[in-house]
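The block underneath contains the structure these notes are about, expressed in structure tokens.
The numbers here are math on the coordinates, done by the rules we state, and not lab data. Remember, it's a predicted structure, so these values are computed and weren't measured experimentally. Note: ideal-geometry Cβ built from the backbone for every residue, glycine included; neighbour counts use all protein chains shown.
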Amino acid sequence: MSADSYSCANSGGEGHHFGDVRESFKIMATTSDSEEEVKLVYLVHLTMTSNGNCKYSCATATETLEWIRASIDFINPYSFFWESHVVNFLTHELWKAVDKEWIDCLRKEPVEYLVQIPSGFVQDHWPSSLKKFITTSSSLAFPREQADLEKVLPNMQVALLNAVITQGMNPKKKHEIEALAGVVSSVARDVETNTVIDVGAGQGYLAQVLSFEYQLSVIAVDSSSHHGTITHTRAQRIKKHYDARKHKSRHAERFAC
Ligand SMILES: C[S@@+](CC[C@H](N)C(=O)[O-])C[C@H]1O[C@@H](n2cnc3c(N)ncnc32)[C@H](O)[C@@H]1O
């Protein structure tokens, strides 16, 4: 059931090769027998607790879109930075593209001021364009406080993950996936959908937990076809485990009757 509803897609236009796996994994987007309306689950649907400088909210889809658009408008002029590998900052002398007035100012500032920039602190004597950049950036950032999930999602249940599905995850990743999968499945239940699209699914850690543990129908999309291949190999291994588990519990049920 869960494995049948797991699918993976590649958005990189590299011509994807799901080959054999197509047999066992239904591509949701092409199923014609499903009457169910495919709804997007807004992963950031939860109302963010307001904090310091953040002036946006994800309370509704419209507000979420507003936040996304404002973020895009903000980062677009700096594509020469975020489209480059960090090493290129040195090899391509990217600092030369930074506003000279900013550099002239910041190079004279004490470290105590510089380390406060990510928290949105500016100094009065800094160029106004620099102050604007820092405060806008800060107003777009996600709040850092931990949400009280029991309050926001009182019906949330978190499945503890077994060693097979967490293979390859370090303890931090496991913790994140465990919590996030609980949140997504709870939101999915609230909005009465069974289908989730995971954009930027990487090697499918979250997508597979949602599919195998929470029985959600997942479309996993990633721009890297390499990740798609790894995801499928991993999914096949996990599917074997869940199939065996299902078989065992059916057998036990029959034996009990
Ligand atoms: C941090 S990883 C995702 C981790 C994953 N969600 C998990 O559960 O482990 C981010 C992924 O986003 C993908 N990505 C980045 N830009 C993308 C885009 N424009 N479209 C689709 N995937 C993208 C990258 O290839 C990368 O695999």
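Filter the trypsin sites (Lys or Arg not before Pro) in the range 46-127 down to the DSSP loop ones having no more than 13 other Cβ atoms within 10 Å, then list what survives.
LYS55, ARG107, LYS108
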27 Å Cα-Cα threshold exceeded, pairs from LYS55/LYS96; LYS55/LYS151; LYS131/LYS172; LYS96/LYS132; LYS151/LYS173; LYS173/LYS248 = LYS55/LYS96; LYS131/LYS172; LYS173/LYS248
query = By the gyration tensor of its Cα atoms, with a ≥ b ≥ c the square roots of the eigenvalues, what is the shape of the range 214-257: rounded for a/c under 1.5, prolate for a/b over b/c, or oblate?
reply = oblate
note = Low-density loop GluC sites (Glu not before Pro), the range 63-128, at most 13 other Cβ within 10 Å, DSSP non-H/G/I/E/B, are GLU83, GLU93
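Set the Förster radius R0 to 22 Å, insert the Cβ-Cβ distance between GLN146 and ALA59 as r into 1/(1 + (r/R0)^6), and round the FRET efficiency to 0.05.
Efficiency, rounded to the nearest 0.05: 0.75.
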message = Once each part is reduced to its C-alpha centroid, what is the distance from the range 188-257 to the range 159-174 in angstrom?
response = 13 Å
inquiry  = Given axes a ≥ b ≥ c from the Cα gyration tensor, I'd like to know whether the range 130-223 is rounded (a/c under 1.5), prolate (a/b larger than b/c) or oblate.
reply    = prolate
